[in-house]
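Here is the structure we will look at.
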Amino acid sequence: MKKIFFGTLTAFYFLCLQANAADFYVQKISIDGLQRVEKETVLAYLGLKPSETISQEQMDSAFKNLYATGLFADIKMTTEKNGILKLTVEENPLIGERAFDGNKKLDDKILETEVQSAPNSIYSRAKAQQDVRRILEVYKRAGRYAVEVEPKIIERPENRVDLIFEIDEGPEAKIDKINFFGNKHYSSPDLQEVLMSKESRWYRIFSSAENYDAEKMNYDKELLRRFYHQRGYADFRVISAVAELAPNKKSFILNFTLDEGPRYRIGKIKIDSAINEVPSNIILKQVQFKSGSWYNADLVEKSVSGIVEELGKKGFVFVEVTPTLNRNAASNTIDITFNIAEGERIFINRINISGNTNTLDEVIRREFRLDEGDAFNVAKIQDSRRNIENLNYFSKVDIQSAPIDSSKADINVDVEEKSTGYFNIGIGYSTVNGALIQGGITENNFQGKGQQLSVDGSVSERSKDYSMSFTEPYFLDRRLSAGADVFYSDEDYQDESSYDSSSVGGRIRLGWNYTDDLYQVVRYTLRQDEIKDVKEYASIYIKEEEGKSTGSVVGQTLIYDKRDSAIRTKDGYYLSFGNDIAGAGGDEKYFKFDVKAYKFFTVSDYWTFKFYANGGYITGYGGEDVRLSQRYYLGGNTLRGFEFGGIGARDKETDDALGGNWVVYGGAEMSFPIGLDEVGIRGRTFFDIGMMGKPDKIDTALVDYSSKPRASIGFGFEWFSPMGKIDIDFGFPVMKEDYDETEVFRLNFGTSL
């Protein structure tokens, strides 16, 4: 280190000494101190030749060029009276081994990709310091700001050194608190759900979301902007986003100051097109919103993409569609004009992807709506960015264009990966299954190929459920989702129907999208069901079915999903239609049909209403009856205030529930804040109603049955806990039959639509 310092000082002194020297005639160039570097290499960098007169400026420039190579720790340049230009150099050593010491949170492979000092390369102090800065930056992205890195060298023979980066990782910089100022329409807990950054909690021990990262905070600003722009707040802006050190000097407090602005509805919608060959009414069909609806920036972008795609189909590839917003402050409306013009004829040269250390390039590339050689299209680039973000593999997605010439441009994609694996374990109690323990592991980007792998299990007093699932989202390199599942379950129905049931089997499935919202799944299921441990006093209809049966089932489900979120839905609707056919082998033969419809909307940003209606029908064929395990059962989660299987046909003598061959149920629910949004708890009230048909070939003289509607009202709570969604409900039947089994209190683990 001392040699490097004094070498630099010598060079500086030499330059100062020669500042006013006269021109010098070079008779000969002498070089001393070379070990590995060839003399010709030095002369090439100098750019000076014997038998020439050189000026002081030329000597200065030659010295700088030679020093800039990084090959030398020290250079001395002197002129002798006999016309000799003498150089005395000290070569920088060659790096033998390079190592990292003290890094526990970040693997060597991650750090190796960041540093430039490599084995068998020239060591220089400047390069080592640059490597230190890169290592510190990597640790910052991982949420560690107290890291110290010191490069140390161990001298070896033959002017070689070993370079060791000694690292003191220090503690992780957690986020103690996230504050919002200026938010009037949305609560702080609502906005915290939007951010990537999360407050430190004990249950986030496997997540990096609670680690402070300046780049992540910048992305949070963009997420807030999108959130508000999707909900009508076109003037929203983040006035400031500041991270301040907490009093403990070890963590951070994030402060976001917001200006929400007014909420706008859509006013007039116009088309201003320079392409006269396509009528405006054709273009208007691609607009995905109507006058009077809330302004939504996402729908504006999708409308632009739709217009571009429609014009492309009609032969107009090079078009630019620019939406112009005209705000009307008096009425809080926005008039939108789509300006359409012929664009420049620019083609995509290359799509360059960087920042993906685990995810394969092809996983990102296949989400692009453009290929190399296609016409450059801003709308499709925006769609591509949205597709990549929706993968949920990256904390940052940055797409920039770089012109190559007047007709070509590169697209540069820079991503920053985040954790895509999840581990959960929970212990609790359910009124349905008693004490329970559940756990699972999910990886949504298995081996960096975008594949999904999950293993789940739960054990309770009344049930055992195990499952494993694998999904390939791009089967045969096409936009087809293919997957396989295996499962095993064992259920105790002694209280309801005096028997136990088990099921083991597997499923293969194939799914595809018609549009972003409309998709279909086809599946084949092979399973073996068993009715066992039937009590002597059980219903004769249950005794008749004791034993094993094999089901070979082909089915499909068509889904139209317009919800704003699949987890905490506030707006939109969901429709599905499914049917199954059993009989391609196995013992069971039946047709089954199911339909679902849900509608959500939120009033005053907090009061969310849900209306829903579900129906199902199953019937046997070929002389086969529908078995107990395939029938419908109403009650519990499907009709609160009644026990599971508490409604429908029931053996008069044994009181066993026998299920039914058709079911219809629905209701309305309103959820609202109760001051516990910080911990994810909301209140709700509900009205449930439903009716159910009886099984085929049942003697009504032996069975209690009525197809009259049953209904209940009640209230409850939903808690999005660290262990998953927990529902607590109190239901009170208002329409029922005397033989129905009721249940006032219900606690349930799991998610539902």
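The values are calculated or read from the model by the stated rules, or taken from the named source; none is laboratory data. Because the structure is predicted, anything quoted here is derived from the model rather than measured. Cβ placement follows ideal geometry from the backbone for every residue including glycine, while neighbour counts extend to all protein chains displayed. Keep in mind that these areas ignore ligands, DNA and RNA; they rest on the heavy atoms of the full protein, side chains included. Shrake-Rupley method; radii C 1.70, N 1.55, O 1.52, S 1.80 Å.
For residues that are under 20 Å from Asn392 (Cα atoms) and touching a helix residue (DSSP H, G or I) at 6+ places or on another chain (Cβ under 8 Å), scanning just the stretch 351-365, find the one that is surrounded by the most Cβ atoms within 10 Å (Cβ to Cβ). So the residue we want is Ile364. Does any residue of the stretch 138-146 turn out to be modelled with pLDDT under 85, more than 17 Å from Gln35 (Cβ to Cβ), open to solvent by less than 30 Å² (accessible area, probe 1.4 Å) and among the charged types (D, E, K, R)? For the stretch 138-146, residues modelled with pLDDT under 85, more than 17 Å from Gln35 (Cβ to Cβ), open to solvent by less than 30 Å² (accessible area, probe 1.4 Å) and among the charged types (D, E, K, R): present. The set of residues from the stretch 300-348 being open to solvent by 40 Å² or more (accessible area, probe 1.4 Å), assigned to a helix (DSSP H, G or I) and either among the β-branched types (Val, Ile, Thr) or without any contact (Cβ under 8 Å) to a residue 12 or more places away in the chain (or both) comprises just one member, Lys313. Residue selection: Ser707 satisfies the criterion of being modelled with pLDDT of 90 or more and either more than 34 Å from the chain's Cα centre (by Cα) or over 18 Å from Phe609 (Cβ atoms) (or both).
Pairs are defined by a Cβ separation below 6 Å, a sequence spacing of at least 6 or placement on different chains, a first member in the stretch 514-543 that is touching a residue at least 12 places away in the same chain (Cβ under 8 Å) and under 30 Å from Thr471 (Cβ atoms), and a second member that is exposed (fewer than 15 other Cβ atoms within 10 Å of the Cβ) and hydroxyl-bearing (Ser, Thr, Tyr); the pairs so defined are Gln528/Thr550.
Scan the stretch 481-489 and give yes if some residue there is in contact with a helix residue (DSSP H, G or I) (Cβ under 6 Å, 6 or more places away or on another chain) and part of a strand (DSSP E or B), otherwise no.
Yes, because at least one residue in the stretch 481-489 is in contact with a helix residue (DSSP H, G or I) (Cβ under 6 Å, 6 or more places away or on another chain) and part of a strand (DSSP E or B).
Ser187 falls short of the stated requirement of being among the small types (Gly, Ala, Ser) and under 24 Å from Phe423 (Cβ atoms).
Filtering the stretch 59-112 to residues that are more than 58 Å from the chain's Cα centre (by Cα) and open to solvent by 80 Å² or more (accessible area, probe 1.4 Å) leaves Lys81, Asn82. The sole residue among Asp371, Asp405 that is part of a loop (DSSP other than H, G, I, E, B), free of Cβ contacts under 8 Å to residues at least 40 places away in the same chain and closer than 20 Å to Asp477 by Cβ is Asp371. For the stretch 138-152, the candidate set comprises residues that are over 14 Å from Leu111 (Cβ atoms) and in a loop (DSSP other than H, G, I, E, B); within that set, the residue that is farthest from the chain's Cα centre (by Cα) is Ala146. Taking every residue in the stretch 551-567 that is among the aromatic types (Phe, Trp, Tyr) and pairing it with any residue that is part of a strand (DSSP E or B) and open to solvent by less than 70 Å² (accessible area, probe 1.4 Å), at least 6 positions away or on another chain, the pairs with Cβ-Cβ distances below 7 Å are Tyr560/Leu518. Is it true that Ser469 is closer than 30 Å to Tyr393 by Cα and hydroxyl-bearing (Ser, Thr, Tyr)? When the stated conditions are applied, Ser469 passes them. All of (1) within 33 Å of the chain's Cα centre (by Cα); (2) open to solvent by less than 40 Å² (accessible area, probe 1.4 Å) hold for Leu639 with one exception: (1). Highlighted here are the strands (runs of 3 or more DSSP E) found entirely within the stretch 543-649 that include at least 2 residues which are within 29 Å of Phe745 (Cβ to Cβ): 590-603, 607-620. Within the stretch 390-416, the residues that satisfy the criterion of being within 11 Å of the chain's Cα centre (by Cα) and buried (at least 17 other Cβ atoms within 10 Å of the Cβ) are Leu391, Tyr393, Phe394, Ser395, Lys396.
Given the condition over 27 Å from Tyr541 (Cβ atoms), open to solvent by 30 Å² or more (accessible area, probe 1.4 Å) and without any contact (Cβ under 8 Å) to a residue 12 or more places away in the chain, answer yes or no: does some residue in the stretch 673-686 qualify? Yes - at least one qualifying residue is present in the stretch 673-686.
If you scan the stretch 233-265, which residues turn out to be charged (D, E, K, R), in contact with a Phe, Trp or Tyr (Cβ under 7 Å, 6 or more places away or on another chain) and part of a loop (DSSP other than H, G, I, E, B)? Answer for the stretch 233-265, where residues must be charged (D, E, K, R), in contact with a Phe, Trp or Tyr (Cβ under 7 Å, 6 or more places away or on another chain) and part of a loop (DSSP other than H, G, I, E, B): Glu260, Arg263. Cβ-Cβ distances below 7 Å connect the following pairs, each with a first residue in the stretch 726-747 that is more than 13 Å from Gly635 (Cβ to Cβ), a second residue that is of a type in the set (Asp, Glu) and open to solvent by less than 40 Å² (accessible area, probe 1.4 Å), and a separation of six or more residues or different chains: Asp727/Glu718.
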